[in-house]
Structure formats: C-alpha cells, structure tokens
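Mind looking over this structure? Questions follow.
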Amino acid sequence: MMGLREYHLNELSIAQTPSDPRRILPPIRAEHRRILDVGCGAGQTLIASTLGPGVEAVGVDMAPAALSLGRELDSRIHFVCARGEALPLPSDHFDLVISRVTIPYMRTRAALGELCRVVKPNGMIWLTLHPFSLVARTLVRDLSRFDIPRVAYRLYVMANGLTSHALDREFPCPFTGGRLESFQTRGRMMSRLTQLGCVDVQIETDPFFVVTATKNGATPHPG
C-alpha cells in the first residue's frame, strides 16, 4: 500500500505532468494575488500552478503530516491546520479560493459558506467535486471484487449524496468512526452557491466535475 509521503509526491507528479489525464489545475489569473487552497494536502495544486512572485498562497488541511511535507516542498506557501467548515482566516481576503476534491468529505453547505466568506467580493471560487457516476463506478468495482465492507461504504456514500441533494444535509458514516463523504449534483451546487451570494455559477461535468463562481460584489455575504 502506498504510504502518505509517496501518495502526496505521486499527486504532485500528476499535477506537474500536463499529459496526465488525471491532471486538473485552476485557472489562475494575473489579478489573483491572494490564493487559498482548502484541502490542500501537501500543496500539490499550488506548487504545480507555478505562482508568480509576490503571490500570497495559503493551504489549509486537516492532516499535519501532509502539511509538514508541504513545508518541505515549498516554503512560499503558508500552511494552516484547520477544518474547511471553520477556517481561521479573515473574511473578504482572497482573490481566488480553490478546493480540489475535498468538498465531498465535508459538510458541504458549511464548507461552501466558509469559502464564500473568505473570498473577496468579485473574487473567484473554483471547485472539483464527486458526481454520482464516480460513486456508481466504484460500487461496481467493489461488487466485482466481493469487497463487502467497501460495498457497504459505497452504499452509504450514495445514500448520503441523495440526502445532500434532497435535504441539503450530510451525515457521518455510522461504521467508519464518523467519516463523512457524499456525491454532489449540479442542481444542489447551483442552489447553494446562489443562496450564498455567488453569481456567474458555471458547472462542467466532462471530463471532471468542475464548479466556478464569483462572489457578488454588490451583495454583503450572508451571515
């Protein structure tokens, strides 16, 4: 089994290899001078984005070991150990807030509320998410392997994703020590971000489930 360090270094290699089909990076523009990555791991996305001089880059993650590796890899990034649902960061501060495949492991509405809080008015949010099709594929794979514990977990993720879509709530898995995971849907993401004061919400699902939005500069962020 791949160790933590090897996993993060492999993820960095993917992010730095343009020809790798698993690679996806946010569109960083010249006006993005303050950038936050929520669920950054060891900072792979920020490192691979080759940020220009003077850019303030902050990475937030819950894994101290990943953050420690990140500090080894790139001293320019300021790493913070925190939950995405409770960011210890100032409001209206970042030009760009990104989160690559970590929202599915959080309480979605709370995490999106924090992302919208810390991004500046007219700032950009960029997310990659888990669609239903991804969970379905992994369920079929686990069924083919007769991996009953994994099948049970995939069924939980499916049920949690449906609950998230219908009720805008997620629940921790009862048999994995409280781990949280769900899939996301276009409709619910559009609804959540609009309610949180975002405009120009764009959603793509091929080849990745990518959501971008702009924080409305004319409307105060909901409390």
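The values are calculated or read from the model by the stated rules, or taken from the named source; none is laboratory data. None of the values given here were measured: they were computed from a predicted structure. Cβ coordinates were reconstructed from backbone atoms using ideal geometry, including for glycine residues, and neighbour counts include every protein chain displayed.
Go through the residues of region 5-27 one by one and say whether even a single one is assigned to a loop (DSSP other than H, G, I, E, B) and more than 28 Å from D206 (Cβ to Cβ).
There is no residue in region 5-27 that is assigned to a loop (DSSP other than H, G, I, E, B) and more than 28 Å from D206 (Cβ to Cβ).
Exactly one of these conditions fails for L115: (1) among the hydrophobic types (A, V, I, L, M, F, W, C); (2) within 15 Å of E181 (Cβ to Cβ); (3) in the same structural domain as V211 (by TED's automatic domain parsing). Give me its number.
(2)
Oh, and also: What are the residues in region 103-154 that are of a type in the set (K, R) and in contact with a helix residue (DSSP H, G or I) (Cβ under 8 Å, 6 or more places away or on another chain), if any?
R109, R150, R154
Looking only at region 76-121, count how many residues are more than 23 Å from A48 (Cβ to Cβ) and among the polar types (S, T, N, Q).
2
Next up: In contact with a Pro (Cβ under 8 Å, 6 or more places away or on another chain), surrounded by fewer than 16 Cβ atoms within 10 Å (Cβ to Cβ) and outside any strand (DSSP E or B): does that describe G187?
no
Each row is one residue, and each column tells you yes or no for (1) surrounded by fewer than 22 Cβ atoms within 10 Å (Cβ to Cβ); (2) of a type in the set (V, I, T).
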{"residue": "D37", "(1), (2)": "no, no"}
{"residue": "V58", "(1), (2)": "no, yes"}
{"residue": "S68", "(1), (2)": "yes, no"}
{"residue": "R71", "(1), (2)": "yes, no"}
{"residue": "R76", "(1), (2)": "yes, no"}
{"residue": "H93", "(1), (2)": "yes, no"}
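While we're looking at this one, here's another question. Is there a residue in region 62-83 that is out of contact with any Cys (no Cβ under 7 Å at 6 or more places or on another chain), in a loop (DSSP other than H, G, I, E, B), among the polar types (S, T, N, Q) and within 19 Å of T128 (Cβ to Cβ)?
no
Something else about it: Name the residues in region 95-114 that are under 10 Å from the mean Cα position of the chain (by Cα) and of a type in the set (A, V, I, L, M, F, W, C), would you?
Hits for region 95-114 are V97, I98, V101, I103, M106, A111, L112.
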